[in-house]
1. State yes or no: is B:Gly134 surrounded by fewer than 24 Cβ atoms within 10 Å (Cβ to Cβ), under 24 Å from A:Ser753 (Cβ atoms) and facing chain A (nearest Cβ under 10 Å)?
2. Looking at A:Glu458, A:Glu362, which is the one that is of a type in the set (Asp, Glu), in contact with a Leu (Cβ under 8 Å, 6 or more places away or on another chain) and outside any helix (DSSP H, G or I)?
3. Which ones in segment A:415-444 are of a type in the set (A, V, I, L, M, F, W, C) and surrounded by 24 or more Cβ atoms within 10 Å (Cβ to Cβ)?
4. Hey, among B:Gln68, B:Gln106, which residue is more than 7 Å from every other protein chain (Cβ to nearest Cβ) and of a type outside the set (Lys, Arg)?
5. So, A:Lys402, is that one part of a helix (DSSP H, G or I), within 14 Å of chain B (Cβ to nearest Cβ) and among the charged types (D, E, K, R) or not?
6. Can you pull out every residue in segment A:432-455 that is assigned to a strand (DSSP E or B) and of a type outside the set (S, T, N, Q)?
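The values are calculated or read from the model by the stated rules, or taken from the named source; none is laboratory data. Because the structure is a prediction, the values reported are computed rather than measured. Cβ coordinates were reconstructed from backbone atoms using ideal geometry, including for glycine residues, and neighbour counts include every protein chain displayed.
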Amino acid sequence: MRESIGRRRFLGYVLAAPTLVTAAEIGLRPTVAAASSAEFQLPSPGITDIVDLNDLMTVAAAPTSGLISVGVGQDGMVSFALPRAEVGQGITTSTAMLIAEELSVPLDRVRVTLADARPELVFNQLTGGSNTTFATYTPIRVAAAIARRRLLEAAAIELGSAVTDLSVRDGMIVDRSGRSIGFGALADKAASVRIEQVSVELTPRESFTVIGKPHSRIDALDAVTGRKKFAMDLDVPDAKPTMVCRAPTLNGKVGSVANLAEVRAMAGVTDVVVISTGVAVRAETFGQCIDAVRALRVSWKPGTAAGKSDEIVRRELERAELSLGLPPLTPTVEGKFTFYFRGNSALETNCAIADVRADRAEIWSALKSPIVAQRTIAAKLGLAPSRVAVHVVQGGGSFGRKLFFDAALEAAEVSQKIGKPVRLMWHRADDARQGRVHPMATSRVRVSYLGGTVLGYEQRHTSVATDLGHGLGEIITATAAQLPVGDIGFSETFFLLSQTMPYNFGATSQLLSETDKGFNTGSMRNVYSPDVACARELIVDQLAARMRKDPYRFRRDFLRDDRSRAVLDKVAEVGGWGRALPAGTAQGIAFHAEYKSVSAALVEIDCRPETVNRPIREGVAGPRVTRAVFAVDVGLAVNPRGLEAQMMGGISDGIALALTSSLHLRDGYFLEASWDNYFYTRQWNTPLALQIIVMPSTSEQPGGAGELGVAPAMAAVACAYGRATGTMPTSFPINHGTLSFEPKPTVPPVPPSPTDGLSHAR
Amino acid sequence: MPERTFRVNGEQVTVNVPDDVRLLWVLRDVLGITGPKYGCGINVCKACTSHLNGKEVNPCAIPVKDLQPADEVTTIEGLPATVGRELHPMQQAWLDHDVVQCGYCQPGQIMAAVALVRRVAAQGRAITDDDLDGLRNICRCGTYFRIREAVKAGAANM
């Protein structure tokens, strides 16, 4: 069908509406790599060459009938409700750019909002797997191109010209004599009274004037003036501040509360109620919620990780590890690496507003899986899903955290129990201790070689179970029958689909095994890849040394394609690979391919004692990454400035994962309760020099980018650390063995609010 | 309930809240001024950074009773008016460098940056890498490098 209407012709719709509304199917793409069933039967080593996670999510979306639509209003504004969550990754901006390109309208005339939960989209309202731009690139442009065509046709009648004599400029349609008419004046004239199917051509890549050019974020002005509204900033009548008193151990439940009446009588407190996750307190201000949470005297039942510690989990992982089999007769390089628990708290803690009435409910929250949230909340409340309106609000960061809807579910429960609207927010201590984490994992790697040839690569990744119960699991389950992976669970499928082997390393097997479902886990940014790639790249350095090759040259020789070599060459060239550096400092280089994108990182690290031991108040100094150079090829970069921002964030994450940030598990709870306990990268850990190179487009189709930077950055930092210190690191982050803070008490679960703010004025 | 009077962004306000409620909640929950964000509540993350009489403070750590009628609280919303423009030079620098990712920490980052530049200027010197290393505001999106560039650019125009 698509072939018969030409490579750049696509089908879409004009919808029946008073003003112009055009639409396309969100599953629409020119081609899908996973096309024929014969291709699915290839053996697993190269599975990501045939189909990766992006394809899977896109294939899953194809059968849905849900349309996404572009509207033109009488004010000349073009509007689009994006069925995804904006959490900082810049998709509202890149989406506006796609529409601006096809409609020849200035970016500030495009209004992109976030769609409420739309169950009819089935699988296609999940923000994850760096899939947004990949999946929406074509359908959004098709809808916009149809709108352009309809506006031209309406203008032709108004101006009495042939369509071929008209051009579109800055949201105006102009004829040859210079007469013009604005989009707003055409909005109703271009509208349709019935649904019409239309085919259009899209602007060819060589004619792009917006796509591929750097644009600043469309929400930047709102953000820097404080006008940008997050969930807790929304003005929902009577939705008063609400917090939850939580157990001292992970997922502990309420036994009994000794002083409910006393806390209910505290200043500002309106309600106190036991819920499934603790004791909820609603008050006039969050400050009074904190005081009430601290005043509650609760006896708790044991949690889901009772008595557990890092060491106990490490032994569980050891027992769950899949065998590498007998060692081959040829020489091998082997390594085993441990990655401790890490938190994926965003700066905005878990939060949601809920207004639950007898027959309906309304939820506001930053949700990356709003359909699953709607269904789950409806079931919890005993309402039909259609009676639960779920509004997706822009989020203050996610990093995988907002794939889940823990706060929305809690808010709904509290609102139903007390019969009032609530504005529920987790305290930072809650978010760190009870929030979702990146699971602790180990990775064992064995590479066999002979002379200058690598014969085989085996990796056994063993992890505390990752909870994919936010909808991605259902996508995989629904499509698993089409995949050549046999009868395995969806975590293992996800693992296979997200892991590539970028080097010509002979027979490759990378397997995941999971254990222990007692933790609150989730898909932290880049999911398995930072750990898997870090282990792989460290072993690559060892292998290069064994073969007496330079780490950059070795990678270059074994990479599988020109596109991969180009990013590696770029960082080596720009970063001055091999330049002389003082003892105790070194460069590291790493490569990673995922989401149909390729990337390379080169970093320089300073591990000299005077740097490592520099004084930092309430923080961790440690080795300093002094310089980072990063090259990225996403196929087609819609917004290079936004892409750079995503890589920058990935570098900050990679530095943290390699050097400073982890959670310490003791006696069934995580010790960290503050940003001065959990050492995410801070200014004093930030590279003093940073260059990000966006490679020229190599494709007609954008690959994924939101998570891409984390794995190569972490791996490059680890490799640099190994080369600077002369010892390959095997445990991450490298400082995990030293507890660099005094743990806060677990009872009460949140720390007191300080009173000495004035004395710190400066 | 006691009445407290002070000034916020150029206007006198009077609120009826208990003495020990922290200024952050008075601003957000009582006055509806939502630019200052909650990120930790214990003066660590600096997402609520605002100015009190021109100095950098964290409202999450200030009981409202500590404020006097003549005290001037400036939040991100009131920053442009302190220079009589639509945007403060630091906000403009933030736009020029497209610093923002999710944007949640940025009001606090900008208020901290302005205070840093003022302190350094009072010492009659230029901003150094050590000064920038001393900014404690968390940005979990990790846009620290653009923040450094924007602070230097904003300082040049202050």
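1. no
2. Among A:Glu458, A:Glu362, only A:Glu458 is of a type in the set (Asp, Glu), in contact with a Leu (Cβ under 8 Å, 6 or more places away or on another chain) and outside any helix (DSSP H, G or I).
3. Matches in segment A:415-444: A:Val422, A:Leu424, A:Met425, A:Trp426, A:Ala429, A:Ala432, A:Val437, A:Met440, A:Ala441.
4. Of B:Gln68, B:Gln106, the one residue that is more than 7 Å from every other protein chain (Cβ to nearest Cβ) and of a type outside the set (Lys, Arg) is B:Gln68.
5. yes
6. Once the filter is applied, which keeps residues that are assigned to a strand (DSSP E or B) and of a type outside the set (S, T, N, Q), segment A:432-455 yields A:Val437, A:His438, A:Ala441, A:Arg444, A:Val445, A:Arg446, A:Val447, A:Tyr449, A:Leu450, A:Val454, A:Leu455.
Every residue, every condition in (1) away from every other protein chain (no Cβ under 14 Å); (2) closer than 25 Å to A:Leu663 by Cβ, yes or no:
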| residue | (1), (2) |
| --- | --- |
| A:Phe286 | no, yes |
| A:Asp291 | no, no |
| A:Ala305 | yes, yes |
| A:Glu318 | yes, yes |
| A:Leu324 | yes, no |
| A:Tyr340 | yes, yes |
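Let's see how each residue does on (1) touching a helix residue (DSSP H, G or I) at 6+ places or on another chain (Cβ under 9 Å); (2) modelled with pLDDT under 90; (3) not hydroxyl-bearing (Ser, Thr, Tyr):
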site: A:Gly6; (1), (2), (3): no, yes, yes
site: A:Pro18; (1), (2), (3): no, no, yes
site: A:Gln41; (1), (2), (3): no, yes, yes
site: A:Ser44; (1), (2), (3): yes, yes, no
site: A:Ile50; (1), (2), (3): yes, yes, yes
site: A:Phe80; (1), (2), (3): yes, no, yes
site: A:Gly88; (1), (2), (3): yes, no, yes
site: A:Glu102; (1), (2), (3): yes, no, yes
site: A:Arg111; (1), (2), (3): yes, no, yes
